Amino acid sequence: MKYYSTRGNDGPLGYEEALLSGLARDGGLYLPESYPAFSDDEMRAMADLPYAALAGRIMSRFTDGELDEAELAAMAGDAYAGFTDLDVAPLHHLNGNIHVMELFHGPTIAFKDYAMQFLSSAFDRALKGAGRQAVILGATSGDTGSAALEAFRGRDAVDIFILFPDGRVSPVQQRQMTSIDADGAHAVAVSGDFDDCQAIVKQLFNDHGFRDRVNLSAVNSINWARLMPQIVYYFSAALALGAPGRKVAFSVPTGNFGNVFAGYVAMRMGLPVERLIVASNSNDILTRFFEQGAMQRDVVTPSLSPSMDIQVSSNFERLLFELMDRDGVAVAGIMDRFAETGRFELPDSAMTAAHRHFSAYRLDDAGTLAEIAASMEIDGMCLDPHSAVGVSAARRAIADGTVAADIPIVALACAHPAKFGAAVSKATGTTPALPPHLADLMQRPEKMAKADASAAAVRDLVLEQWRRG
Ligand SMILES: *Cc1c(COP(=O)(O)O)cnc(C)c1O
């Protein structure tokens, strides 16, 4: 399988090269040259596979000639061995036709573990095979960073630096990052918001001298190999609910458009996805885009679902590339305009294509608290604030007829409620307990670096701290 940049000026590359470089050299994101599709018969044969075998079957379509199905299944088996539910991504049926997919059974109890645990093993294998080492640099609004530091801790071939917005991640998220005490693993508190952290990462990737000197890699959701394992749970849920014989819709709480884009890829691979529901909090740049056909940057407002407090959805560029019929030059022009003016509009043809598959909803903090309370009362399910944004959107999509009543909607539960205990307690009066493996988390000692919100400050920090400097 060959990979190309969404901006038309990088590629073709193989799977492993795309894995190790993350962001393309022209500033774009890598995508495979095509989406390999499964026939209905092939999907029926996948329905009974254990999760790791399913992962191997699906991901091997994107690693053709470089990694085979058995190797991928073994890597997935290792990656998910420590998860606390044997089904890995179990479904929980609410009243009505909504099924919550629990994506919080990994070590840091958010869905990022599903990709990151796999990615760590993929990186290790690729770097060792090439006799190379790398510096991983990432920005996090909370969950990516904890999942990444947890997954990459102790890998000899990797120094990892995770930037997080100082004071803007939840206490549990912060402690999951800062309690990691391993050589080469660095949590960095940046005096700025998430978009500042993300901008610094982008700038340092565009600093080719620095990038080559430290062999810089990304594990943010801009890395294609991070999306690959996320495609798997869309298949696992839909197959469990009767696909390919039955259509399924998904409701995905999102900010960066990574997780929901994986659902789009699953659809392009043949999964009968009736609709993809994009669920935002009050940072609703994506919802406004689907309503108005214009992407318009706004200021970030802190919310109860901080992992979606984003105004620049970096993975959206992948959908943009598809909506523009894979015209990289057009995408580059649009993204340049967005960087300059904070706005772009799309032609009607592109918006028609977008509306064919996507619907979008938003939910503010008051609505989020109300949904957490209601799910507890009506369904006996304790949702974290992000998951509540998705479940609420699913309920509204049924109520307003966007999704027909006979089509099941899978709402992705992206974090364990204890990861955002303060919000849950505010809504229900009860603070959810952390699972046993994290029971003493808040007593573990903290270790972190601090940096100003500038690319130069972070570059200096990396050059001072990396182990091969
Ligand atoms: C990362 C995250 C999201 C947003 O996912 P994206 O794919 O990056 O948009 C939502 N909820 C939780 C709990 C998260 O950790």
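The values are calculated or read from the model by the stated rules, or taken from the named source; none is laboratory data. The shown structure was predicted, so the numbers you read here are calculated from the model rather than taken from an experiment. Ideal geometry is used to build each Cβ from the backbone, glycine not excepted, and the neighbour counts take in all protein chains shown.
Figures for the structure shown
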{"read-out": "Among the candidates LEU461, LEU441, LEU434, residue that is in contact with a Lys or Arg (Cβ under 7 Å, 6 or more places away or on another chain) and farther than 30 Å from MET324 by Cα", "value": "LEU441"}
{"read-out": "Top-ranked residue in the range 77-99 [being in contact (Cβ under 8 Å) with a residue 60 or more places away in the chain and more than 13 Å from ALA240 (Cβ to Cβ); ranked as nearest to the chain's Cα centre (by Cα)]", "value": "ALA79"}
{"read-out": "Where a residue in the range 230-257 is among the charged types (D, E, K, R) and at pLDDT 95 or above and its partner, wherever it lies, is crowded, with 24+ Cβ neighbours inside 10 Å and assigned to a helix (DSSP H, G or I), with Cβ under 9 Å and at least six apart", "value": "ARG246/ALA238; LYS247/ALA238"}
{"read-out": "Unmet requirement for ILE200, which otherwise passes all of (1) farther than 24 Å from LEU320 by Cβ; (2) modelled with pLDDT of 95 or more; (3) not charged (D, E, K, R)", "value": "(1)"}
{"read-out": "Output for the range 154-195, where each listed residue is of a type in the set (Gly, Ala, Ser) and assigned to a loop (DSSP other than H, G, I, E, B)", "value": "GLY154, ALA157, GLY167, SER170, SER179, ALA182, GLY184, GLY192"}
{"read-out": "The range 302-314 residues that are farther than 24 Å from LEU23 by Cα and near the ligand (Cβ under 9 Å from one of its atoms), paired with ones that are part of a loop (DSSP other than H, G, I, E, B) and at pLDDT 90 or above (beta carbon under 7 Å, 6 or more apart)", "value": "SER305/ASN281"}
{"read-out": "Residue match in the range 436-454 (condition: of a type outside the set (D, E, K, R), surrounded by 14 or more Cβ atoms within 10 Å (Cβ to Cβ) and either within 16 Å of the ligand (Cβ to nearest atom) or farther than 30 Å from PHE161 by Cβ (or both))", "value": "yes"}
{"read-out": "Matching helices (runs of 4 or more DSSP H) fully within the range 1-91 where at least 1 residues are surrounded by fewer than 22 Cβ atoms within 10 Å (Cβ to Cβ) and in contact with a Cys (Cβ under 7 Å, 6 or more places away or on another chain)", "value": "none"}
{"read-out": "Flag for ALA122 being within 16 Å of the ligand (Cβ to nearest atom), hydrophobic (A, V, I, L, M, F, W, C), in contact with a Leu (Cβ under 8 Å, 6 or more places away or on another chain) and in contact (Cβ under 8 Å) with a residue 12 or more places away in the chain", "value": "no"}
{"read-out": "Inter-residue pairs, beta-carbon under 9 Å, first on the phi > 0 side of the Ramachandran plot and in the range 100-116, second more than 10 Å from the ligand (Cβ to nearest atom) and outside any helix (DSSP H, G or I), 6+ apart", "value": "ILE109/THR84; ILE109/LEU434; ILE109/PRO435"}
{"read-out": "Verdict on ALA139 being more than 9 Å from the ligand (Cβ to nearest atom), surrounded by fewer than 24 Cβ atoms within 10 Å (Cβ to Cβ) and modelled with pLDDT under 95", "value": "no"}
{"read-out": "Among the candidates ASP400, ASP384, ASP452, ASP379, residue that is charged (D, E, K, R) and free of Cβ contacts under 8 Å to residues at least 40 places away in the same chain", "value": "ASP400"}
{"read-out": "All positions within the range 266-295 that are surrounded by fewer than 23 Cβ atoms within 10 Å (Cβ to Cβ) and in a helix (DSSP H, G or I)", "value": "MET267, ARG268, ILE285, THR287, ARG288, PHE290, GLU291, GLN292"}
{"read-out": "Residue within the range 40-47 that is in contact (Cβ under 8 Å) with a residue 12 or more places away in the chain and out of contact with any helix residue (DSSP H, G or I) (no Cβ under 9 Å at 6 or more places or on another chain) present", "value": "yes"}
{"read-out": "Any pair with Cβ under 7 angstrom, 6 or more apart, that starts in the range 271-292 at a residue that is in contact (Cβ under 8 Å) with a residue 24 or more places away in the chain and farther than 26 Å from SER141 by Cα and ends at one that is among the hydroxyl-bearing types (Ser, Thr, Tyr) and in a strand (DSSP E or B)", "value": "ARG275/SER359"}
{"read-out": "Single residue of the range 205-226 satisfying the filter (closer than 16 Å to SER314 by Cβ and not polar (S, T, N, Q)) that is farthest from the chain's Cα centre (by Cα)", "value": "PHE205"}
{"read-out": "ALA433 in a loop (DSSP other than H, G, I, E, B) and more than 16 Å from the ligand (Cβ to nearest atom)", "value": "yes"}
{"read-out": "Total residues in the range 246-272, condition touching a Pro at 6+ places or on another chain (Cβ under 6 Å) and within 16 Å of the ligand (Cβ to nearest atom)", "value": "0"}
{"read-out": "Test: residue in the range 334-353 that is more than 30 Å from TYR3 (Cβ to Cβ) and surrounded by 18 or more Cβ atoms within 10 Å (Cβ to Cβ)", "value": "no"}
{"read-out": "Where SER236 falls short, out of the listed (1) away from the ligand (no atom under 13 Å from the Cβ); (2) more than 30 Å from LYS128 (Cβ to Cβ)", "value": "(2)"}
{"read-out": "Elements of type helices (runs of 4 or more DSSP H) in the range 321-430, at least 3 residues being under 30 Å from ALA24 (Cα atoms) and within 16 Å of the ligand (Cβ to nearest atom)", "value": "none"}
